[in-house]
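Inspection log for the structure reproduced underneath, given as C-alpha cells.
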Ligand SMILES: Cc1cc2nc3c(=O)[nH]c(=O)nc-3n(C[C@H](O)[C@H](O)[C@H](O)COP(=O)(O)OP(=O)(O)OC[C@H]3O[C@@H](n4cnc5c(N)ncnc54)[C@H](O)[C@@H]3O)c2cc1C
C-alpha cells in the first residue's frame with residue numbers, strides 16, 4: 001500500500017515506514033502478523049519520538065470498535081485502536097465513566113496505555129491503571145487474552161508497543177460524574193513552591209500551567225460536583241475562558257468558569273473535534289517522585305532562562321503510584337513536569353539535555369512517548385528484566401521490537 005503515515009501528529013517526527021497494512025478483520029490481522037518479519041502498530045501517532053517507528057506499519061482503523069459493557073456493568077471492552085473520545089461517546093449512552101483522561105481525547109487507548117499516558121490528580125493513577133483485561137495478537141499470530149489475575153498482568157499494561165497488537169482493552173468503569181473547571185491566574189513561583197501540596201489537593205484533577213516566566217502562571221482546577229469548594233490562595237479566578245497556551249483561542253479548550261459538565265467534557269483540557277494544543281510543537285515530560293517535587297521545580301526555576309524562549313506552555317500535574325512494571329509511577333506518587341516546545345528540534349534537544357542535567361539528582365523518568373535524550377533506562381525500572389521475559393514469550397522473534405526500544409531498554 002502506498003498511502004501510509006509519514007509523520008507523527010505534529011509533523012515533528014518523520015517515520016521510516018516503507019509499507020502499511022490496514023487489516024479489516026482479526027483473521028487478516030493474525031495472518032499479517034504471522035507472515036511478517038518486522039511490524040509496528042501505529043496508534044493515533046501522537047508520540048514525539050521513535051517508539052512507534054518501524055519498517056511496516058499496521059494501522060487498525062478499518063477494524064470495528066465493537067464496544068460492550070460487561071455483565072456486571074463495571075467494565076467496558078472496546079477495540080484498542082478506539083480513542084478515548086470514541087469510548088466516552090459509548091459510555092455516555094450507559095451513564096458510565098472512566099476514572100480519568102489525558103489532556104486530549106483524540107489518542108488511541110492502546111497507544112496511550114503503551115506509554116503510561118496520564119491525566120492529573122493526587123489519587124488518580126495513569127490511564128493504564130484502569131485496564132483490567134487485554135487481548136493481543138502475539139508475534140506468532142495467535143490471540144492472547146490476559147486479565148488482572150494473570151501473574152504477569154502488571155507487566156503488560158504499559159506495553160511500549162513491544163508485546164504484540166493490542167486488539168481489545170477492557171477497562172474499569174464507574175457511574176458518570178459531573179466536573180466543574182475553574183482557572184486561577186497570577187500564581188507566583190513562591191506561592192506555588194510554598195504551597196505545592198495544598199494546590200494539588202484543590203480538586204479531583206489539578207494542573208498548573210506556566211510559561212516559565214517571572215510568575216508561575218495559572219492553576220486549572222477540575223473538581224467533581226460532589227467535592228466542596230477549595231479556596232486558592234495567591235491566585236485570582238479568571239474572569240474569562242482561557243487556553244492553556246497563552247494567546248490561543250479558548251474555543252478549543254474545555255469549558256471553564258465553574259460550569260458543571262460531564263467528566264469527558266471537563267477532564268481533558270482540549271475538546272474533541274477541535275485542534276488540541278497548538279499542533280506545531282514538540283513535547284517533553286519528566287516524572288519526579290513527589291518527595292522531590294519542590295526541589296526539582298526549584299532546580300528548573302533556577303535555569304529557566306536557558307529554555308523559556310522555546311516554551312509554548314509548561315504544565316505540572318500529579319499522578320498516583322501504581323504497580324505497573326514499566327510505569328514511571330511504579331511504586332511512587334509523582335509530579336509530572338511537562339514542556340510544550342516550539343517546533344525547533346535542534347534547540348529543543350539542547351534544552352532537554354539541560355533540563356535532564358538539572359533534574360538528575362531527583363530520580364526523574366521521562367514520558368515514554370515524548371522527547372528525551374537518556375539512553376538505557378532499564379536500570380531505573382526494577383521490573384525491566386521481568387518485562388523483557390514477558391516480551392520474549394509474547395514475541396520471541398522480536399517482530400514488534402525496534403531500534404528505539406533497543407537503545408532505551410536494551
Ligand atoms: C497534543 C498532545 C497532548 C498530549 N497530552 C498528554 C497527556 O495529557 N498526558 C500524557 O501522558 N501524554 C500526553 N500526550 C502523549 C500521548 O498521550 C502519548 O504519546 C500516547 O502514546 C499517544 O497515543 P497514540 O495512540 O497516538 O500512540 P502512538 O504514538 O501511535 O504509539 C505509541 C506506542 O503505542 C504502540 N501502539 C499504539 N497502538 C497500539 C496497538 N493497538 N497495539 C500495540 N501497540 C500499539 C505503538 O507501536 C507505539 O509503541 C499528548 C500528546 C499530544 C500530541
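The values are calculated or read from the model by the stated rules, or taken from the named source; none is laboratory data. All values derive from a computational prediction rather than experimental measurement. As a convention, Cβ positions derive from the backbone with ideal geometry for all residues, glycine included, and neighbour counts pool all protein chains shown.
Please go through the range 147-176 and pick out each residue that is assigned to a strand (DSSP E or B) and over 26 Å from residue 53 (Cβ atoms).
Within the range 147-176, 147, 170, 171, 172, 174, 175 meet the criteria.
Every residue, every condition in (1) over 30 Å from residue 14 (Cβ atoms); (2) crowded, with 22+ Cβ neighbours inside 10 Å, yes or no:
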site: 295; (1), (2): yes, no
site: 301; (1), (2): yes, no
site: 320; (1), (2): yes, no
site: 350; (1), (2): no, no
site: 365; (1), (2): no, yes
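Could you check, for the range 368-386, whether at least one of its residues is under 24 Å from residue 307 (Cβ atoms), assigned to a helix (DSSP H, G or I), away from the ligand (no atom under 12 Å from the Cβ) and modelled with pLDDT of 95 or more?
The answer is yes; a qualifying residue exists.
Taking the stated definitions as given, is residue 65 without any contact (Cβ under 8 Å) to a residue 60 or more places away in the chain, more than 10 Å from the ligand (Cβ to nearest atom) and under 30 Å from residue 224 (Cα atoms)?
Yes; evaluated as a whole, the condition is true for this residue.
Any residue at all in the range 4-13 that is within 30 Å of residue 278 (Cα to Cα) and more than 12 Å from the ligand (Cβ to nearest atom)?
The answer is yes, given that some residue of the range 4-13 is within 30 Å of residue 278 (Cα to Cα) and more than 12 Å from the ligand (Cβ to nearest atom).
Looking at the structure I just gave you, is residue 337 within 16 Å of the ligand (Cβ to nearest atom), modelled with pLDDT of 95 or more, surrounded by fewer than 22 Cβ atoms within 10 Å (Cβ to Cβ) and over 30 Å from residue 152 (Cβ atoms)?
For residue 337, the condition - within 16 Å of the ligand (Cβ to nearest atom), modelled with pLDDT of 95 or more, surrounded by fewer than 22 Cβ atoms within 10 Å (Cβ to Cβ) and over 30 Å from residue 152 (Cβ atoms) - is not met.
Looking at (1) assigned to a loop (DSSP other than H, G, I, E, B); (2) more than 21 Å from the chain's Cα centre (by Cα); (3) surrounded by 16 or more Cβ atoms within 10 Å (Cβ to Cβ), which one does residue 397 not meet, given that it meets all the others?
(3)
Of the residues 292, 287, only one is more than 16 Å from the ligand (Cβ to nearest atom), at pLDDT 90 or above and either part of a strand (DSSP E or B) or closer than 22 Å to residue 322 by Cα (or both); which?
Of 292, 287, the one residue that is more than 16 Å from the ligand (Cβ to nearest atom), at pLDDT 90 or above and either part of a strand (DSSP E or B) or closer than 22 Å to residue 322 by Cα (or both) is 292.
Test residue 125 against the criterion of being buried (at least 21 other Cβ atoms within 10 Å of the Cβ), in contact (Cβ under 8 Å) with a residue 12 or more places away in the chain and either more than 13 Å from the ligand (Cβ to nearest atom) or assigned to a helix (DSSP H, G or I) (or both), and give yes or no.
no
Could you tell me whether any residue of the range 231-249 is farther than 30 Å from residue 11 by Cα, in contact (Cβ under 8 Å) with a residue 40 or more places away in the chain, in a strand (DSSP E or B) and in contact with a helix residue (DSSP H, G or I) (Cβ under 8 Å, 6 or more places away or on another chain)?
no
Residue 179 fails exactly one of the following numbered conditions: (1) in contact with a helix residue (DSSP H, G or I) (Cβ under 6 Å, 6 or more places away or on another chain); (2) in a loop (DSSP other than H, G, I, E, B); (3) within 30 Å of residue 147 (Cβ to Cβ). What is the number of that condition?
(2)
Mind counting the residues in the range 68-95 that are within 10 Å of the ligand (Cβ to nearest atom) and either farther than 25 Å from residue 224 by Cα or surrounded by fewer than 17 Cβ atoms within 10 Å (Cβ to Cβ) (or both)?
4
Filter the range 253-283 down to residues that are surrounded by fewer than 20 Cβ atoms within 10 Å (Cβ to Cβ), within 12 Å of the ligand (Cβ to nearest atom) and not in a loop (DSSP other than H, G, I, E, B), then give me how many there are.
1
Considering the range 309-326 alone, what residues qualify as being more than 17 Å from residue 192 (Cα to Cα) and touching a strand residue (DSSP E or B) at 6+ places or on another chain (Cβ under 9 Å)?
Answer for the range 309-326, where residues must be more than 17 Å from residue 192 (Cα to Cα) and touching a strand residue (DSSP E or B) at 6+ places or on another chain (Cβ under 9 Å): 310, 311, 312, 319, 320, 321, 322, 323, 324.
In the range 203-230, what residues are part of a loop (DSSP other than H, G, I, E, B) and modelled with pLDDT of 95 or more?
Answer for the range 203-230, where residues must be part of a loop (DSSP other than H, G, I, E, B) and modelled with pLDDT of 95 or more: 203, 204, 211, 212, 213, 214, 215, 216.
Can you tell me which of 98, 146 is within 16 Å of the ligand (Cβ to nearest atom), without any contact (Cβ under 8 Å) to a residue 40 or more places away in the chain and surrounded by fewer than 24 Cβ atoms within 10 Å (Cβ to Cβ)?
146
Name the one entry in 196, 187 that is in contact with a strand residue (DSSP E or B) (Cβ under 9 Å, 6 or more places away or on another chain) and surrounded by fewer than 23 Cβ atoms within 10 Å (Cβ to Cβ).
Result: 196 is the single residue among 196, 187 that is in contact with a strand residue (DSSP E or B) (Cβ under 9 Å, 6 or more places away or on another chain) and surrounded by fewer than 23 Cβ atoms within 10 Å (Cβ to Cβ).
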